[in-house]
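Worksheet: one structure, shown below.
The values are calculated or read from the model by the stated rules, or taken from the named source; none is laboratory data. Quantities reported herein were computed from a predicted structural model and do not represent experimental measurements. Don't worry about glycine lacking a Cβ; one is built from the backbone with ideal geometry, like all the others, and counts go over all protein chains shown. Accessible surface is based on the protein model in full, side chains and every heavy atom, while ligands, DNA and RNA are left aside. Shrake-Rupley method; radii C 1.70, N 1.55, O 1.52, S 1.80 Å.
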There are 2 protein chains.
Amino acid sequence: MGDDVFRALADPTRRRILDELAERDGQSLFELCGRLATRHGLGLSRQAVSQHLAVLEAADLVRTRREGRYKFHDLNTAPLERILNRWLRPDVPGSTACGST
Amino acid sequence: MGDDVFRALADPTRRRILDELAERDGQSLFELCGRLATRHGLGLSRQAVSQHLAVLEAADLVRTRREGRYKFHDLNTAPLERILNRWLRPDVPGSTACGST
DNA sequence: ACCATAGGCAAGTGAATGCTTGCATGACAA
DNA sequence: TTGTCATGCAAGCATTCACTTGCCTATGGT
């Protein structure tokens, strides 16, 4: 476990998506496309962003909720908190649970 | 800055190398090869590990010091500490410095 | 000097990755 | 129902990446 998290964080575009969601939770796919374009200068297709979101969701870094035909995305920092302790604080209780990733 | 750090952490073998160095600093290339093989079951060539170490060193996650014909590797957690704050504590002073990575 | 040891450099290969293109699905409005 | 909007699925392409192979440098022991 945690493998998907590191892989998800490897791409700079996905990190910018996390930045966007950290600033404003609950954005839809098109909202993210627009903000990545206008604020970060990234001219990505809708599918490109969709695939990035799928990777982030698989890593549990992004939670989604459907409402009608919209799908809203929320940032989930729990996997990040679990990962830090691996090398930074190796003797915190619970940090050994992800030691074999 | 920080881009190399995420890329370096993306590979599971490199993460195991960091585990090894976290447990015992100052290992040489051959030492790491041996311990990755015996303790993690990874049958990697010397060059494979060497290239991984080069990536980790480029990301400043590993510091090296030469002594004679030996080259010892030490873990450096500073880049990790800088990265945490990006999404976990966005309002800590100094965390804005790596916001555009 | 000789040889073994520790490490470095560079080209080549197979697999994974990011992105595109095209078509399909489901929800809402007219 | 018909059309449109938001999203999903899948194949194809170009790049990147991890690993190997082969040769080279340098240090230390004998």
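Points to keep in mind about this one:
- Given (1) within 11 Å of another protein chain (Cβ to nearest Cβ); (2) over 17 Å from A:N76 (Cα atoms); (3) away from DNA strand D (no atom under 13 Å from the Cβ), index of the condition A:R15 fails: (2)
- Subset of region B:38-79 [away from DNA strand C (no atom under 13 Å from the Cβ) and under 16 Å from B:F6 (Cβ atoms)]: B:A59, B:D60, B:L61, B:N76, B:T77, B:A78, B:P79
- Hey, B:D4 within 12 Å of the chain's Cα centre (by Cα), within 12 Å of another protein chain (Cβ to nearest Cβ), in a helix (DSSP H, G or I) and more than 10 Å from DNA strand D (Cβ to nearest atom) or not: no
- Within region A:39-81, if we keep just the residues that are part of a strand (DSSP E or B) and open to solvent by 80 Å² or more (accessible area, probe 1.4 Å), the residue that is nearest to DNA strand D (Cβ to nearest atom) turns out to be A:Y70.
- Selected residue (only one of A:R86, A:R35 is within 11 Å of another protein chain (Cβ to nearest Cβ), open to solvent by less than 70 Å² (accessible area, probe 1.4 Å) and over 14 Å from the mean Cα position of the chain (by Cα)): A:R86
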